[in-house]
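The values are calculated or read from the model by the stated rules, or taken from the named source; none is laboratory data. Owing to the predicted nature of the structure, the values given are computational and were not obtained by experimental measurement. Glycine also receives a Cβ, built like all others from the backbone with ideal geometry; neighbour counts cover every protein chain displayed.
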Amino acid sequence: MVSLEINGKTVEVEEGTTIYKAAESAGIEIPTLCYTPIMEPYAACRICQVEIERDWGKELVTSCNTVCQEGMKIITDSEKVLNARRVILSLLLERCPNVEILREMAIKLGMELPEMVPEEEAETCILCGLCVRVCAEVVGVEAISFAGRGAEREVSPPFDEESEACITCGACFSVCPTGTVKMEDAFGRKVPIDELTVGPPKSIAIPTYQSVPNVPFINTETCIHFQTEGCNVCAKMCEPEAINYEMEDEIIDIDVGTIVISTGFQVMNPSGITRYGYGKFPDVITSAEFEKMTNASGLTDGKVVTSKGEEPKDIAIIHCVGSRDVDTHAYCSRVCCMYALKMAHLIKEKTSAEVYQFYIDMRAFGKGYEEFYSRLLSEDVRFIRGKPGEVTNIAICAEEEGKLIVSCEDTLAGEIRRIPVDMVVLCPAIEARDDAREFGAMFGLGCTADGFFLEKHPKLAPIETASDGIYLAGACQGPKDIPDSVAQGGAAGAAALSLIDRGTIEVESATAMVVEDWCSGCKTCNLLCPYSAIEFDEKIGASVVNEALCKGCGTCVAACPSSAIIGKHFTDKQILAEIEGALI
Amino acid sequence: MSYEPKILGFLCNWCAYTGADLAGTARMKYPSNIRIIRVMCSGRIDPTFVLKAFEEGADGVLMAGCHPPSDCHYQNGNFKAMRRYPLLKKLLSQLGIEEDRLRLEWISAAEGDKLVRVVNEMVDRLKELGPLGLSKSNVEPLEESETLNIDNPTEEENYVK
Amino acid sequence: MSNKEKLKIAFYWAASCGGCEVAVLDIDEAILKVIEIADIVFWPCAMDFKYSDVRAMEDGYIDVTFFNGAVRNSEQLEIAELLRRKSKIMVAFGSCSSSGGIPGLANFYSAKEIMDYAYLETPSTVNPNKTQPQVKSTVKEGEIEIPTFFGRVYSLDQVVDVDYYIPGCPPVPDQIVDAVLKLATEAPEKGHVFAGDKTLCDTCELEKHDKKIEKIYRPHEIIPEPGLCLLEQGIICMGPITRSGCGNRCINANMPCRGCFGISPNVIDGGAKFVSALASILDVAEEQAAEEITKSILDPAGTFYRFDLPKSLLHGNIRKIEEAIK
């Protein structure tokens, strides 16, 4: 271990540690432009200079590549240091006056800021070399390098032409401190910069907010590493070395006695309902996108802004987009009224915007819901009863200019209204998942016409299914809000546990039975049984039904040419008597 | 009184019968011409039941089960019904029963409306076909000592008593 | 001609081919055993008796009547009723009286169609005057009467009470001797059928496996694998549904069972049940394939009901047959 003093603070670090890292571990911030933990220090920007007190005087060194020595005395914020930084920064600002990171740094150093230049003329590359180095050292393809000398020095691919070596991994883009390297520039691979929509996931990402376990995964289909074996940026970045490209998907067979199906729902894509302009107007967004925007950790840090980055003055919330609509889904999605109220409440809290709720009926059905609705009524939210006919940007008067206009019949006022707004939030229908039928088939589950899994009985057995030991929970069974989903989930869990706890299952009582004296052993029935419950017993020369396996469908009973199989509780005699009775 | 056909329905417990239940709980209306017998699976429907139904006076028979290939609660009982159906229809037509009097339909537990449609269609078709005439109460016993007109026998009376 | 200790037996034939009569003779020297214990009091086919002889008997005079052939006309009905009155035990002998038999297949056609075909349409018919038999006709000698042709074929038990059945087309000698001897000693329960209670598969010696049929063949379309279940090879064999007791005669001749011993005791309708059994084991998974394979079964009703159409649930083609007896 080496002991040294930084800004008068004694710090102990391992041998070989750089001053930069030692300061970092002591909580002392040293500004830098070209340092990254994933690569060897390069000391190109010189911003990280610090002062070392030597016996012979004070010396300025770059902290990122100077190794700590026993007894060193370091000052990171002396006037000399700061002046040195100011000089470098002023030179860089001269070259790149618009670069945000330089300007922020200059403010911290108490410098005067230069005039901004028009964007198209502005140079933004500070020649830190991070991109060149990451491409060579980390990705290992050396697709870009410095070219030219002096004032002509720049980063470019060889001969400034499209480089075949580039694997468009985006590593250069991710390390560039000034935003000079843009992925849009990469050859043949455009990455949409999608501020508000959920957008295509990154190749390495945490699948959803609050996902369990809350860890990222790599999408091997889009990850550059899996396409080219290059990149490896994430592995280098990850200090705990958690990234392992060798891991493979595993299919794990688990024997279980009960299954709770809680596969949830999907949200309808409202772009199919073209009259609302989703996908056409950037300020027509879905409730989920709004939610992402208002999330404090979201893209806009929780601010409600339009696509132009301004605070909206009026917002329309349209209910029942795809729900309660014979053309799409006839059912009510149940959750939208209440979350629409919540959104209005949030908007009122965060902005001074006028909020319009376009509803068919307000369905505040749950505990405390009606009260919340009443509260919103007093919060000056405008409620308009009517389903909007369209959202358009075609203005017919001055006040509609530049706005989105929601036109709607206000069925309470009895008139057609056009409401100009800055933002429209749609509440799309909750749908059954596209793969629900296919998935349900694996479990012998039926689906209702709208694709939600079918419970055993709508009132008396809402969590059970037609298959014993398989239970339903949540919106896979039908649109449901959180309290209902939690309740059903709890019930499903309890039902599953009670079955597990009992440890035994009730076998079907209505099984089939072969009358040995009548069976001639023709072996017609044996293959018919889907559960392989019928076996031919050579000793007695007759087929035998294993009643533990038999589920009592009665197919063998119908097929037995000797009528030697009796389907208990559904015997031929009983059914024939029923026929006689039914046709009196 | 207008002719009201009698339809006997053999509905599988899991799909078609539940579908009929749904039609009921949803207050859908369908003709009372159908009388329903529940079986566990359409694979349980023995063609004997169908013949018995006709013998007992049904004008039409509906067999209904789960949609193939995968809706069947018993994996593939519906396939057995599907295989029996065409052969049974052929047999029935040889026995003088119009093929339309027997119908096999796949009705899921959610398709109460389909059941309603099928029953309506069957009633309409059976009204076109008219009574099958096997109802026991309909058969009037012939007089034993019916005299035949010898001098001027009708074609029928020629040889048939 | 009566001997008090001896059993008095009668034979009669109605709508039948005569094969049953030959079957009686077919018992060969075993007839001596029968004669030891029985006197024949009525056998119009083999001996000279008159109906008046029977009418003259006291009711219940005959111990056992073996009645073969189905009932199709008024004469057969009259004699069936007469013999029933005069007999303690009435035995339906052979497939036709037991269940209608081959003559019962006439129930697919109306009486008119049958008459027209027989008297007008067959290629060998020459009948320019289109003469057809009349129930009563007047000739020089006066009015003559022939039996009335009924609207359908009946099995014996559909017209009179029957005590026992000896099925088969025709019954086999062992079965006949066995039946006669049993009836002479201790009579079985009423309704007993002198045949196996299990189906033919029980006695059939061909190797049987779990069944799955891909294609149906008519017997002439395929040379069956020897020793292997014929049904599994796609040949329609009625064995699974037919009573055993015949000694596997057809199977031993490499022909499928035609079902002459009648349907197994628990089966209600042979045709329907065989549809169920056969279709269940077809190896098809699509509706269209099921229809295709159904096309290859040319005459399901005729094949599956070959020996018991009149006794099936619908008795025949419901549009063609007419009920005459109530």
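Scan segment C:285-303 residue by residue and report those that are at the interface with chain B (Cβ under 7 Å from one of its Cβ atoms) and either buried (at least 19 other Cβ atoms within 10 Å of the Cβ) or modelled with pLDDT of 95 or more (or both). Before you say what the answer is, go through the steps one by one.
Here is the first cut: in segment C:285-303, the residues at the interface with chain B (Cβ under 7 Å from one of its Cβ atoms) are C:285, C:287, C:290-291, C:294, C:297, C:300-301.
If the condition is that a residue be at the interface with chain B (Cβ under 7 Å from one of its Cβ atoms) and either buried (at least 19 other Cβ atoms within 10 Å of the Cβ) or modelled with pLDDT of 95 or more (or both), then C:A290, C:T294, C:I297, C:P300, C:A301 are the ones that fit.
Checking A:E70 against (1) within 18 Å of A:M105 (Cα to Cα); (2) part of a loop (DSSP other than H, G, I, E, B), which test does it fail?
Result: A:E70 fails condition (1) only.
Restricting to segment B:85-107, name every residue that is under 17 Å from B:P68 (Cβ atoms) and either in contact with a Lys or Arg (Cβ under 8 Å, 6 or more places away or on another chain) or of a type in the set (F, W, Y) (or both).
B:Y85, B:E105, B:W106, B:I107
Go over the candidates A:A288, A:A330 one by one and state the one that is touching a residue at least 24 places away in the same chain (Cβ under 8 Å), within 28 Å of A:F453 (Cα to Cα) and in a loop (DSSP other than H, G, I, E, B). Walk me through it before giving the result.
On the way: A:A288 fails: in a loop (DSSP other than H, G, I, E, B).
Result: A:A330 is the single residue among A:A288, A:A330 that is touching a residue at least 24 places away in the same chain (Cβ under 8 Å), within 28 Å of A:F453 (Cα to Cα) and in a loop (DSSP other than H, G, I, E, B).
Can you tell me which condition C:P240 does not meet? The list is (1) assigned to a loop (DSSP other than H, G, I, E, B); (2) over 25 Å from C:V177 (Cβ atoms); (3) at the interface with another protein chain (Cβ under 9 Å from one of its Cβ atoms), and all the others hold.
Answer for C:P240: the failing condition is (1).
Which of the strands (runs of 3 or more DSSP E) contained wholly in segment A:512-579 include at least 1 residues that are within 12 Å of chain B (Cβ to nearest Cβ) and either touching a Lys or Arg at 6+ places or on another chain (Cβ under 6 Å) or buried (at least 16 other Cβ atoms within 10 Å of the Cβ) (or both)? Please lay out each step first, then the result.
Values: elements: A:512-514, A:534-537, A:542-545, A:565-567.
Hits in segment A:512-579: A:512-514, A:565-567.
For segment C:9-26, does any single residue satisfy the condition of being among the acidic types (D, E), touching a residue at least 40 places away in the same chain (Cβ under 8 Å), outside the structural domain of C:E145 (by TED's automatic domain parsing) and part of a helix (DSSP H, G or I)?
Initial filter on segment C:9-26 (among the acidic types (D, E)): C:21, C:26.
Keeping just the survivors that are touching a residue at least 40 places away in the same chain (Cβ under 8 Å) gives C:21, C:26.
So of that shortlist, the ones also outside the structural domain of C:E145 (by TED's automatic domain parsing) come out as C:21, C:26.
This time we only want the ones that are part of a helix (DSSP H, G or I), so: C:21.
Yes, the conditions are met somewhere in segment C:9-26.
Quick one: how many residues across segment C:298-315 are farther than 20 Å from C:Y154 by Cβ and assigned to a loop (DSSP other than H, G, I, E, B)?
So the count comes out to 2.
If B:R44 satisfies all but one of (1) surrounded by fewer than 24 Cβ atoms within 10 Å (Cβ to Cβ); (2) within 8 Å of another protein chain (Cβ to nearest Cβ); (3) basic (K, R), what's the number of the condition it fails?
Every condition holds for B:R44 apart from (1).
Name, by its number, the condition in (1) in contact with a strand residue (DSSP E or B) (Cβ under 8 Å, 6 or more places away or on another chain); (2) assigned to a helix (DSSP H, G or I); (3) buried (at least 22 other Cβ atoms within 10 Å of the Cβ) that does not hold for C:F67.
(2)
Residue by residue through segment C:212-241, note down the ones that are in contact with a Pro (Cβ under 9 Å, 6 or more places away or on another chain) and within 16 Å of A:C560 (Cα to Cα).
C:L231, C:I236, C:C237, C:M238, C:G239, C:P240, C:I241
Whether any residue in segment A:419-429 is within 13 Å of chain B (Cβ to nearest Cβ), within 30 Å of A:L472 (Cβ to Cβ), out of contact with any helix residue (DSSP H, G or I) (no Cβ under 6 Å at 6 or more places or on another chain) and surrounded by 13 or more Cβ atoms within 10 Å (Cβ to Cβ) is what I want to check. Quick ask: steps written out before the conclusion?
Step one: list which residues in segment A:419-429 are within 13 Å of chain B (Cβ to nearest Cβ), which gives none.
Scanning segment A:419-429, I find no residue that is within 13 Å of chain B (Cβ to nearest Cβ), within 30 Å of A:L472 (Cβ to Cβ), out of contact with any helix residue (DSSP H, G or I) (no Cβ under 6 Å at 6 or more places or on another chain) and surrounded by 13 or more Cβ atoms within 10 Å (Cβ to Cβ), so the answer is no.
Please verify whether C:P265 is outside the structural domain of C:I176 (by TED's automatic domain parsing) and crowded, with 24+ Cβ neighbours inside 10 Å, treating the condition exactly as stated.
Values: outside the structural domain of C:I176 (by TED's automatic domain parsing): yes; crowded, with 24+ Cβ neighbours inside 10 Å: no.
Considered against the rule, which asks whether it is outside the structural domain of C:I176 (by TED's automatic domain parsing) and crowded, with 24+ Cβ neighbours inside 10 Å, C:P265 comes out as no.
Pick from B:E55, B:E121: which is more than 8 Å from chain A (Cβ to nearest Cβ), farther than 21 Å from C:I297 by Cβ and at pLDDT 95 or above?
Details: B:E55 fails: at pLDDT 95 or above.
Among B:E55, B:E121, only B:E121 is more than 8 Å from chain A (Cβ to nearest Cβ), farther than 21 Å from C:I297 by Cβ and at pLDDT 95 or above.
Which of (1) more than 19 Å from A:G179 (Cα to Cα); (2) surrounded by fewer than 15 Cβ atoms within 10 Å (Cβ to Cβ); (3) under 35 Å from the mean Cα position of the chain (by Cα) does A:E104 not meet, given it meets every other one?
Evaluating A:E104 over (1) more than 19 Å from A:G179 (Cα to Cα); (2) surrounded by fewer than 15 Cβ atoms within 10 Å (Cβ to Cβ); (3) under 35 Å from the mean Cα position of the chain (by Cα) leaves (1) as the failure.
Quick one: which residue in C:Y109, C:Y154, C:Y117 is out of contact with any Lys or Arg (no Cβ under 9 Å at 6 or more places or on another chain) and of a type in the set (S, T, Y)? Talk me through it step by step, then tell me what you get.
Values: C:Y109 fails: out of contact with any Lys or Arg (no Cβ under 9 Å at 6 or more places or on another chain); C:Y154 fails: out of contact with any Lys or Arg (no Cβ under 9 Å at 6 or more places or on another chain).
Residue meeting the stated conditions: C:Y117.
On the given criteria, is B:V50 crowded, with 24+ Cβ neighbours inside 10 Å, in contact (Cβ under 8 Å) with a residue 60 or more places away in the chain, of a type in the set (V, I, T) and in a helix (DSSP H, G or I)? Step through it out loud before you land on a result.
Values: crowded, with 24+ Cβ neighbours inside 10 Å: yes; in contact (Cβ under 8 Å) with a residue 60 or more places away in the chain: no; of a type in the set (V, I, T): yes; in a helix (DSSP H, G or I): yes.
No; evaluated as a whole, the condition is false for this residue.
With A:V212, A:V260 as the choices, which residue is of a type in the set (A, V, I, L, M), out of contact with any helix residue (DSSP H, G or I) (no Cβ under 9 Å at 6 or more places or on another chain) and closer than 30 Å to A:A495 by Cβ?
On the way: A:V260 fails: out of contact with any helix residue (DSSP H, G or I) (no Cβ under 9 Å at 6 or more places or on another chain).
Unique residue meeting the criteria: A:V212.
Only residues that are at the interface with another protein chain (Cβ under 8 Å from one of its Cβ atoms), within 13 Å of A:T555 (Cβ to Cβ) and assigned to a helix (DSSP H, G or I): list them for segment B:63-93, please.
The answer is B:G77, B:F79, B:K80, B:M82, B:R83, B:R84.
Among (1) under 21 Å from A:K350 (Cα atoms); (2) polar (S, T, N, Q); (3) surrounded by 12 or more Cβ atoms within 10 Å (Cβ to Cβ), which single condition is A:S378 missing?
If we test A:S378 against (1) under 21 Å from A:K350 (Cα atoms); (2) polar (S, T, N, Q); (3) surrounded by 12 or more Cβ atoms within 10 Å (Cβ to Cβ), just (3) comes out false.
Among the candidates C:D116, C:D197, which residue alone is surrounded by 13 or more Cβ atoms within 10 Å (Cβ to Cβ), within 19 Å of the chain's Cα centre (by Cα) and either among the acidic types (D, E) or at pLDDT below 90 (or both)? Quick ask: steps written out before the conclusion?
On the way: C:D116 fails: within 19 Å of the chain's Cα centre (by Cα).
On inspection, the qualifying residue turns out to be C:D197.
Table: residues versus (1) in contact (Cβ under 8 Å) with a residue 60 or more places away in the chain; (2) touching a strand residue (DSSP E or B) at 6+ places or on another chain (Cβ under 6 Å); (3) of a type outside the set (D, E, K, R); (4) not assigned by TED's automatic domain parsing to the domain that holds A:R417.
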{"position": "A:P312", "(1), (2), (3), (4)": "yes, yes, yes, no"}
{"position": "A:C320", "(1), (2), (3), (4)": "yes, no, yes, no"}
{"position": "A:R334", "(1), (2), (3), (4)": "yes, no, no, no"}
{"position": "A:A353", "(1), (2), (3), (4)": "yes, yes, yes, no"}
{"position": "A:I360", "(1), (2), (3), (4)": "no, yes, yes, no"}
{"position": "A:E370", "(1), (2), (3), (4)": "no, no, no, no"}
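Are there any pairs, at least 6 apart or on different chains, whose C-beta atoms fall under 7 Å, with the first in segment C:203-223 and away from chain A (no Cβ under 12 Å) and the second of a type outside the set (F, W, Y) and not in a loop (DSSP other than H, G, I, E, B), and if so, which?
C:I216/C:I293; C:Y217/C:I235; C:P219/C:I235; C:I222/C:I235
Looking at A:A296, A:A353, which one is farther than 11 Å from A:M423 by Cβ and not charged (D, E, K, R)? Spell out the reasoning first.
Values: A:A353 fails: farther than 11 Å from A:M423 by Cβ.
The unique qualifying residue is A:A296.
If you go through segment C:85-98, how many residues are of a type outside the set (A, V, I, L, M, F, W, C) and within 19 Å of the chain's Cα centre (by Cα)? So that I can check it myself, show each step before the final result.
To start, the set of residues in segment C:85-98 that are of a type outside the set (A, V, I, L, M, F, W, C) comprises C:85-88, C:94-95, C:97-98.
Keeping just the survivors that are within 19 Å of the chain's Cα centre (by Cα) gives C:94-95, C:97-98.
Number of matching residues: 4.
Among the residues in segment A:515-526, are any modelled with pLDDT under 90 and small (G, A, S)?
no
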